[in-house]
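Working notes, beginning with the structure itself.
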Amino acid sequence: MSDVTTFSATISATTRNGILVVTIDNAPVNATSADVRSGLDKALVHAEAAIGIKGVVITGAGKTFIGGADITEFGKPAIEPTLPDVIEKIEALSKPVIAALNGAALGGGLELALACQYRIASPSAQVGLPEVKLGIVPGAGGTQRLPRLIGVPAALDLIASGRIAKAAEALSLGILDELPETDLVDAAIEAARRLTGASPRKTGELTAAPADPTEIDKASGKILAKARGQKAPAEAVRLVASSHRPLAEGLADERATFLTLRDSREAAALRHIFFAEREASKVAGLEGIDARPVVTIGICGLGLMGSGIAIAALAAGYTVIGLDQTQEAAEKGHERIVGLLERNLASGRLDRSGFDAQKSRLFVTATDANLAPCDLVIEAVFDDLDVKIDLFRRLDKVVRPDAILATNTSYLNPDEIAAATAHPERVLGLHFFSPAHVMRLLEVVRCEKTAPDVLATGLTVAKKLKKLPVVTGVTEGFIGNRIFSAYRREAEFLLEDGALPHEIDVALENYGFPMGLFAVYDMAGLEIAWARRKRQAATRDPSQRYVEIADRLCEAGRLGQKSGRGWYAYPDGKRTVDPEVTAIIETERAKKHITPRSFSKDEISQRMLQAMATEGEALLAEGIAARPGDIDLVMVNGYGFPAHKGGPMFAKS
Ligand code: T1G
C-alpha cells in the first residue's frame, strides 16, 4: 500500500504511478474549510516541486466530493488561503490536475473542479452552483469559468436558478468530461497520465462568446420574475452576462459582489433557513430512540388530501392501502391516485417502470379489516371530531397494537381523538399541507400521550416522504394556522383602522409574499373561516377586539373567487377592487366610531410581521414550538413567507 502523506487534518494524499492522489476528508460534506484549503494549498506546492509527480487527482472521501464553501465560516475573519487562492493555484499548476467527483460538487466544490484540467465523475455525482439560494453569488470563479466552458445561456440557467444537474446532464453540457465505468480514481489517474505533457486545458483561458441579449433574457427572465426582490439572482445574471471580459476583471467583480452579498441581511436570512431546516428534525428527548419499521401505510379518505398523501407515500416506496366509505368511493379514489401517477408519467417525473411499480403497491378498499397489515394509518377524512373518533375506534379493532394512528386534522384537538382510542400513546398528528404530494411542509403533532418512538417514526416517515417535518405541540391550528390566524386578525384590525384590502395586499407583495392575504383568502374561499367564527361566537371573549367585516361579506354571499365576489370583485375572472367592499368596511368603522387613517406599505408590513412574531413568541413560551427557526420554517414553507426575509421570527430579531 503506497504511503500516505498528510497535508492537514482533512487533506491526505498517496502517490500512484507518479500521480498525487489527494483526498478531502472533512465530514459531513467536505466543505472547503480553512483546514481543507490549507491542506490543498500544501499538496499543490508539493506536487509542483516534486520531480516524481507528473499530475494530481483531487477526490473526496464519503458520498460528497465537496458540498461547497464552509458556510459556518461566513461572518468570521477570513483565513488564508481563500478558496480563490487555492483555485488559482490549481489552474496555474504546470502539471495536470484532475477532479474525480465521487459525489456532489456544489458551489465552491464545482468552482474548484472547473479550475481543474479534466473532470470525471461517478454516475451518482451531481453538480451545481446553488449560491443564489443562500442569497449570494458564486465567489470563486463560477460565474466566469462556467460560461467559458458551457456558454452563457446554459451557465445562466444553472447559476441564476441555483438548480442541481445530475451527472448525465453535466456530461452533455460539457461540465464533465467522462463518466467512467471503471474505478473513478483509477480512471482519473489514467486521465492525468494522458494529459501529462499535452497542451493544458485551462478553463480560465477559454473565451466566453459575448452573450446575445435575447438569449440572456430568455434564460434569465423567468428566474428574475420569481426573485421577488432578491438581489443575488440579478447579480448572478449580470456577472455571467459579462463573462466575456478578461478573466481577472470578471473574477474581481465577482469576488467583490460575493463579499457584499455574503454580509447582507438577505444572505443571513437564507442561511438561517438553511440551518433551521437541518435543526428542525433534531428533537430533544429522541436521541437514541429508534423509529418503528413502516412498510405499509393505510390512508383513510381518498379525497384531494388523501390522494396527495398516497402519491407521496407511493413515491417513497411504501405500500398503500386506501380506505373509503364505500367500494365506489374507494374505486374513485384509486382512479384519482392513478390519474396523478399518469400525470407524473406524462411529465417525465416517472418512467414506465416507476409508474408500474408504484401502481402495483396501491390497494383500495371499503372494508376496515383490510387495513390490518398497516404499520401506520393516516386519516384524511372530513374534519369533524365525531367522524374521526369513530374511525379511530374502528381502527383500534383492526390494526396491530403497535401500529401507529395519525390524524391529519388541521383544527381539531388530536388529544381528544387519541383519548378515545385504546392506545393513545400510538397516536400523533401528521398535518399535511395541500396539495400533499407537492407541499414539503409537514407539521408532526406531538400529542400529550404520543410515545417517543411514535414521534421518531413520524419524523422518519416524513423524511422518507421527502417532507420538511416540524414538530408542534397541541394548540388550535398548531404552529402555522395559529400564526396565520394572528396575521389575518391584524389585517382585519388594519381594515377597521383605515387600510383597504388591496393596500394591505400590495404591502405584503411588496415585502415579498407571492400573493396578498385577501387575494389568498378569496382563492381559498371565505366560508370555512366563517363557519369556524360562527362556531366560536358563543365562547368568544367579549374583551377581545373582534372585526365583523368578514362576517358582513359572507352574509352578503361574498364567499370568494368561486362565488365571483369576496374581498374583491372578479368581473371576467380578473381580481378588481370593489367599491361595495369599501362601503361595507366604512360602515363597520362607523359603527365603532373609528376615524380611519392611512397606512404606508412599511407600516402595514411591520404591523403584520409584529403580529406573527408576537404569536410566535407565545408558541415558544407555551412549548408548542421548540425553536424560532421551526416557526420560520412553517411560515416560509406553508404560508408563502419570503425565504429571503428568513421568516417572522428572524425578520423581527
Ligand atoms: N457548509 C457548512 N456545513 C454544511 C454545508 C456547507 N456548505 N452543507 C451542509 N452542511 C452541513 C449541514 O448543516 C448539516 O450539518 C450537515 O452538513 C449535513 O447536511 C465560494 C461561497 C451537500 C447536498 O449551498 O446542499 O460554496 O445538521 O443534512 O442531505 O462560491 O448539505 O449535521 O450539523 O444537508 O447529505 C454552496 C449546501 C455553499 C450546498 C448534502 N453549497 N449543502 O446533503 O446533508 S456557498 C451549498 C447541501 C459556496 C462558493 C460559495 C447539502 C448537500 P448537521 P445535509 P445531505
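The values are calculated or read from the model by the stated rules, or taken from the named source; none is laboratory data. Values in this document were obtained by computation on a predicted structure and should not be read as measured data. No Cβ is skipped: glycine too gets one built from the backbone with ideal geometry, and neighbour counts run over all protein chains shown. Ligands, DNA and RNA are stripped out before the accessible areas are found, and what is left, the full protein with its side chains, is counted by its heavy atoms. Shrake-Rupley method; radii C 1.70, N 1.55, O 1.52, S 1.80 Å.
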Provide the gained length on full extension for the span Glu328 to Lys466, in nm with one decimal, where the gain is 0.36 nm per separating residue minus the Cα-Cα distance.
46.6 nm
Considering only protein heavy atoms, what per residue accessible area in square angstrom results for region 480-623 with a 1.4 angstrom probe?
48
Spin-label point model (7 Å from Cα, Cβ direction): what's the Ala531 to Asp396 distance in nm?
2.7
Using a 1.4 Å probe over the heavy atoms of the protein chains, calculate the carbon and sulfur portion of the accessible area of region 538-581 as a whole percent.
54
Violations at 21 Å Cα threshold for listed pairs Lys166/Lys359; Lys133/Lys467; Lys231/Lys574; Lys282/Lys463; Lys231/Lys282; Lys218/Lys466 -> Lys166/Lys359; Lys231/Lys574; Lys231/Lys282; Lys218/Lys466
Where only protein heavy atoms count, and the probe is 1.4 Å, what is the accessible area per residue for region 5-257 in Å²?
40
Kindly rank 193-205, 372-384 from highest to lowest mean number of other beta carbons found within 10 Å of each residue.
372-384, 193-205
Region 5-257, Cα convex hull volume normalised per residue, Å³:
114
Over region 344-436, with every protein chain in place, what whole percent of the accessible area is carbon and sulfur at 1.4 Å, could you tell me?
54
Charges at C-beta only: +1 for Lys and Arg, -1 for Asp and Glu. How large is the resulting dipole of the chain about its Cα centre, in Debye rounded to 20?
460
Roughly speaking, what is the centre-to-centre gap between region 322-399 and region 207-280 when only Cα atoms are used, to the nearest Å?
44
Just to verify a number: what accessible area does Val45 come out at with the full protein assembly present, 1.4 Å probe, Å² rounded to tens?
80
Using modelled backbone amide H atoms (1.01 Å from N, in-plane), which distant-in-sequence or interchain residues come within less than 5 Å of Gly525's amide H?
Gln561
Ranking request for peptides 281-288, 545-552, 402-409: highest mean number of other beta-carbon atoms within 10 Å first, then the rest in descending order.
402-409, 545-552, 281-288
If you filter region 60-159 for trypsin sites (Lys or Arg not before Pro), then keep DSSP loop positions with at most 15 other Cβ within 10 Å, what is left?
Lys63
Going by average Cβ density within 10 Å per residue, which order do the peptides 330-342, 419-431 take, highest to lowest?
419-431, 330-342
So the FRET efficiency between Val295 and Thr539, C-beta based with R0 = 45 Å and rounded to 0.05, is 0.55
Which cross-chain or sequence-distant (5 or more) residues have an amide H under 5 Å from the amide H of Gly141, H modelled 1.01 Å from N in plane?
none
Just to verify a number: FRET efficiency for Lys592 and Thr6, C-beta to C-beta distance, R0 = 60 Å, to 0.05?
0.20
Any idea of the accessible area per residue across region 296-472, 1.4 Å probe, to the nearest Å²?
40
Cα to Cα, under 15 Å, and not fewer than 8 places away if on the same chain: which aspartates and glutamates meet these conditions relative to Lys562?
Asp522, Glu527, Asp572
Using a Förster distance of 35 Å, how high is the FRET efficiency between Ser347 and Asp384, based on the Cβ-Cβ distance and rounded to 0.05?
0.50
